[in-house]
Amino acid sequence: MSCRIVLLGPPGSGKGTQAPRLAKELGVPQIATGDLLRQAVKNGTELGKQAKGFLDRGELVPDELVVGLIDEQLKALNGKKGFVLDGFPRNPSQAKALEGITGIDLAVLVDVPRDEVVRRLSARRVCPNCGQIYHLEFRPPKRSGICDVCQGNLVQRSDDKPDVVAKRYDVQYNEQAAPLIESYRKASVLVEVDGRGSIESVFERILSEIQARKSAKKR
Ligand code: AMP
């Protein structure tokens with residue numbers, strides 16, 4: 001089985017933490033639309049200017065902008081097999097667009113309940129310089145407000161405020177992602193992983209699901 005993997009899950013499910021680990025373990029690139037969009041906003045590119053308002057409000061950026069971005073990223077892989085997609089597709093029309101670009105081998109759903117998501121994200125802080133993620137309760141920086149890695153000043157993402165988090169969960173996840181998850185389930189490419197617990201235990205669960213799929217395909 002080649003490793004073309006889509007990571008699904010509500011905002012705050014830990015997808016963004018698991019995606020780079022998984023990509024490293026599998027030896028494939030990770031493509032995270034949220035990171036690419038935030039970078040575009042920071043760099044003040046045309047895409048960034050068009051996307052900024054949506055990001056700040058916790059709304060999905062229009063499909064054509066994100067699909068264009070993904071198309072570019074996947075083409076840049078130059079036919080190399082395998083990727084971990086984090087944050088794309090987010091709705092059925094993006095999934096359809098992806099199908100037009102490439103097939104996938106597996107969709108991994110990292111599942112976390114809503115109250116846990118709100119609790120997790122409201123305490124998340126990020127370093128705008130190097131992208132390191134902290135959690136005030138579970139993974140605080142050594143010095144309050146300062147990044148351990150690069151000494152940058154930590155910030156709260158504008159869409160991590162509690163009311164915006166709740167909206168992202170209800171609209172982006174419950175409404176838009178639910179039919180997408182169903183379609184992957186019907187296509188038998190979906191595996192579900194409990195996203196609660198430590199980063200390591202969730203990672204182990206994801207890997208064992210992928211391994212189980214690979215062995216089943218060989219049989
Ligand atoms: P994330 O880092 O994946 O939580 O994404 C942060 C924000 O980026 C989302 O709230 C959306 O505004 C935007 N975004 C990321 N991926 C997509 C996507 N596939 N479609 C539309 N908007 C997206």
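The values are calculated or read from the model by the stated rules, or taken from the named source; none is laboratory data. All figures in this text were calculated on a predicted structure; none of them were measured in a lab. When we count neighbours, we look across all protein chains shown, and the Cβ atoms used for this are built from the backbone with ideal geometry, even at glycine.
Descriptive notes on the structure:
- Of all residues in region 69-121 being more than 13 Å from the ligand (Cβ to nearest atom) and of a type in the set (Gly, Ala, Ser), the one that is nearest to Glu192 (Cα to Cα): Ala107
- Across region 44-60, the qualifying residues are those that are in a helix (DSSP H, G or I) and more than 9 Å from the ligand (Cβ to nearest atom), and the one among them that is farthest from Gln156 (Cα to Cα) is Glu46.
- Listed here are the helices (runs of 4 or more DSSP H) enclosed by region 100-219 that have at least 1 residues being loosely packed, with under 14 Cβ neighbours inside 10 Å and touching a residue at least 12 places away in the same chain (Cβ under 8 Å): 162-167, 178-186, 199-218.
- Entry remark, region 11-50: residues being under 17 Å from the mean Cα position of the chain (by Cα) and either β-branched (Val, Ile, Thr) or over 30 Å from Lys214 (Cβ atoms) (or both) number 8 in total.
- Residue within region 122-131 that is within 13 Å of the ligand (Cβ to nearest atom), of a type outside the set (A, V, I, L, M, F, W, C) and at pLDDT 90 or above present: yes
- Test: residue in region 35-43 that is touching a Phe, Trp or Tyr at 6+ places or on another chain (Cβ under 6 Å), in a helix (DSSP H, G or I) and within 9 Å of the ligand (Cβ to nearest atom): no
- Flag for Tyr169 being under 20 Å from Asp86 (Cα atoms), of a type in the set (Ser, Thr, Tyr) and within 14 Å of the ligand (Cβ to nearest atom): yes
- When the residues of region 61-90 are filtered to those that are outside any helix (DSSP H, G or I) and surrounded by fewer than 18 Cβ atoms within 10 Å (Cβ to Cβ), the one that is modelled with the lowest pLDDT is Gly79.
- Checking each residue of region 14-28 against the condition of being more than 10 Å from the ligand (Cβ to nearest atom), within 22 Å of Ile181 (Cβ to Cβ) and among the small types (Gly, Ala, Ser) gives at least one match.
- Pro62 being without any contact (Cβ under 8 Å) to a residue 60 or more places away in the chain and touching a Phe, Trp or Tyr at 6+ places or on another chain (Cβ under 7 Å): no
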